[in-house]
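Participant: Provided herewith is a single structure, encoded as structure tokens, for subsequent inquiry.
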Amino acid sequence: MVLILGAILIATGIIDTGDESSEPIISQSPIVQPAVDEDGDGSTVNEIYRRSERGVVFVEARGRTNTSPFGLPDRGGDAASGSGFVISDEGFIVTNAHVVEGSRDVRVRFGEPGDDESIDARVVGADPSTDIAVLKIDIDEDKLDPLPLGDSSKLKVGDPTIAIGNPFGFDQTVTTGIVSALQRQIPAPNNFSIDDVIQTDASVNPGNSGGPLLDAAGRVIGVNSQIATGGSQGSVGIAFAVPVNTVKEVVPQLEEDGKIERPYIGVTTAPVADLARDLNLPAKRGALVQDVQPRSPAARAGLRAGRTRTQEGITLGGDLIVGIDGRNVASPEDVAAAIEDNKPGDSIEIEFLRGRTRESVTLELAPRPASAGGADPREGLRPPEDDDVLPLP
């Protein structure tokens, strides 16, 4: 009995014989169930896919009047394709603005087996500054399965993610991953910045644009929009999704007005917190003006940009913004945050240091132009140094 029991323990690896050749090979089992979220609503990927697949659509845009920089999958001629998802029983669908940009004819198709029928879709509105567009289809309510919307503010790094879309035209493809990082910033189609973006390693590729990124309970937490390519033509495990809380803010305005007018100052700035002492700047925090767009509110108000560029890529000599309407400005992000609740035509007071002298000026905000223009595509932020982050086709 002792010999038999010993043989069993050795065979199962519980007793170490010291022979490396006999050590068991350990491998991780495939993940078939995402980690349960804080509400205890975790479901298997298959369950989430089955609940969500009727709410995800294939989007085909024809008659494009311009060439999208996002390299959408070619469907022949001047057509391109992407993804989208249903958000209401009234037939409203969310996708990326760049998917339908410049299109005269948009159609959607549901991914149910054997369903090849395309449905005409009307572009209700688009917001290039967040890369969100809203489509509308006329279809019976009982044929629609809107996807539930989650809360992207509750996300944590490491939370499970599920992407459903049509990469390279392969309908209803599902991939999984995790939240790799939060609060990323990516360029919008009009070259301004999109903030609070979700980074995920779920595999997304050309054709996933506009499709949903889901959490462990099957709720939409983002809209897949861009990837980092690393010089390749496909996914390398770094993708970006516009957060669903941005969608919740933008969609009602697009449904009502078809567009969103955003306030605009016309400056690009750089942070100084890590360089203030070394560069002998007049304050430890603030937004150092790098560029002032011609004929912008900032230019008319007399704000000045710097001229001397350092090895760190910072242009010195410009005004250092330290306050807007009584709010302290410690970084470029604070500039955008200070004006986001305003409208074009509103007046704001900007406090800044010019040399060692503290000054202030009042300017009237203008509507954000169709494109950022200039060297820096992101108002309030210094230019990105990595060209590898590309809009998701």
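Participant: Taking only region 129-176 into account, find how many residues are in a loop (DSSP other than H, G, I, E, B), within 17 Å of the chain's Cα centre (by Cα) and more than 16 Å from residue 84 (Cα to Cα).
Facilitator: Looking only at that region, the number is 7.
Participant: Taking the residues in region 336-348 that are loosely packed, with under 12 Cβ neighbours inside 10 Å and farther than 15 Å from residue 300 by Cβ as candidates, determine which candidate is modelled with the highest pLDDT. Walk me through how you get there before you give the answer.
Facilitator: To start, the set of residues in region 336-348 that are loosely packed, with under 12 Cβ neighbours inside 10 Å comprises 340-341, 343, 345, 347.
In the following step, the residues that additionally are farther than 15 Å from residue 300 by Cβ were identified as 340-341, 343.
On the way: 340: 83, 341: 83, 343: 89.
Among them, the one singled out is 343.
Participant: I would also like to ask the following. Are any residues in region 82-109 of a type outside the set (Lys, Arg), over 16 Å from residue 129 (Cβ atoms) and assigned to a strand (DSSP E or B), and if so, which ones?
Facilitator: Restricting attention to region 82-109, the residues satisfying the condition of being of a type outside the set (Lys, Arg) are 82-103, 105-106, 108.
When the remaining residues are screened for being over 16 Å from residue 129 (Cβ atoms), the result is 82-93, 102-103, 105-106, 108.
Within region 82-109, 82, 83, 84, 85, 86, 92, 93, 105, 106, 108 qualify.
Every residue, every condition in (1) under 20 Å from the mean Cα position of the chain (by Cα); (2) among the aliphatic types (A, V, I, L, M); (3) at pLDDT below 90, yes or no:
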{"position": "315", "(1), (2), (3)": "no, no, yes"}
{"position": "334", "(1), (2), (3)": "yes, no, yes"}
{"position": "350", "(1), (2), (3)": "no, yes, no"}
{"position": "355", "(1), (2), (3)": "no, no, yes"}
{"position": "362", "(1), (2), (3)": "no, no, no"}
{"position": "368", "(1), (2), (3)": "yes, no, yes"}
{"position": "375", "(1), (2), (3)": "no, yes, yes"}
{"position": "383", "(1), (2), (3)": "yes, no, yes"}
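Participant: Going through region 83-136 one residue at a time, which ones are free of Cβ contacts under 8 Å to residues at least 12 places away in the same chain and either in contact with an Asp or Glu (Cβ under 9 Å, 6 or more places away or on another chain) or buried (at least 18 other Cβ atoms within 10 Å of the Cβ) (or both)? Full working, then the answer.
Facilitator: The initial filter retains those residues of region 83-136 that are free of Cβ contacts under 8 Å to residues at least 12 places away in the same chain, namely 113-117.
Listed by number, the list is empty, since nothing qualifies.
For (1) at pLDDT 90 or above; (2) among the hydroxyl-bearing types (Ser, Thr, Tyr); (3) surrounded by 14 or more Cβ atoms within 10 Å (Cβ to Cβ), each residue gets a yes or a no:
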| residue | (1), (2), (3) |
| --- | --- |
| 281 | no, no, yes |
| 285 | no, no, yes |
| 292 | yes, no, yes |
| 298 | yes, no, yes |
| 301 | yes, no, yes |
| 306 | no, no, yes |
| 310 | no, yes, no |
| 320 | yes, no, yes |
| 324 | yes, no, yes |
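Participant: Which of the residues belonging to region 161-203 are of a type in the set (Val, Ile, Thr), under 16 Å from residue 243 (Cα atoms) and modelled with pLDDT of 90 or more?
Facilitator: Taking region 161-203 as the starting set, the residues that turn out to be of a type in the set (Val, Ile, Thr) are 161-162, 164, 173-176, 178-179, 186, 194, 197-198, 200.
Those still in the list that are under 16 Å from residue 243 (Cα atoms) too: 161-162, 164, 178-179, 186, 194, 197-198, 200.
Selection gives 161, 162, 164, 178, 179, 197, 198, 200.
Participant: Kindly indicate whether any position in region 152-170 is of a type in the set (D, E, K, R) and either closer than 18 Å to residue 109 by Cβ or touching a helix residue (DSSP H, G or I) at 6+ places or on another chain (Cβ under 7 Å) (or both).
Facilitator: no
Participant: Quick one: which residue in 267, 247, 242, 251 is at pLDDT 75 or above and in the same structural domain as residue 330 (by TED's automatic domain parsing)? Before you say what the answer is, go through the steps one by one.
Facilitator: Working: 247 fails: in the same structural domain as residue 330 (by TED's automatic domain parsing); 242 fails: in the same structural domain as residue 330 (by TED's automatic domain parsing); 251 fails: in the same structural domain as residue 330 (by TED's automatic domain parsing).
Step by step, each of 267, 247, 242, 251 is checked, and only 267 is at pLDDT 75 or above and in the same structural domain as residue 330 (by TED's automatic domain parsing).
The values are calculated or read from the model by the stated rules, or taken from the named source; none is laboratory data. Every value quoted in this text rests on a predicted model; they were computed, and no experiment measured them. Glycine also receives a Cβ, built like all others from the backbone with ideal geometry; neighbour counts cover every protein chain displayed.
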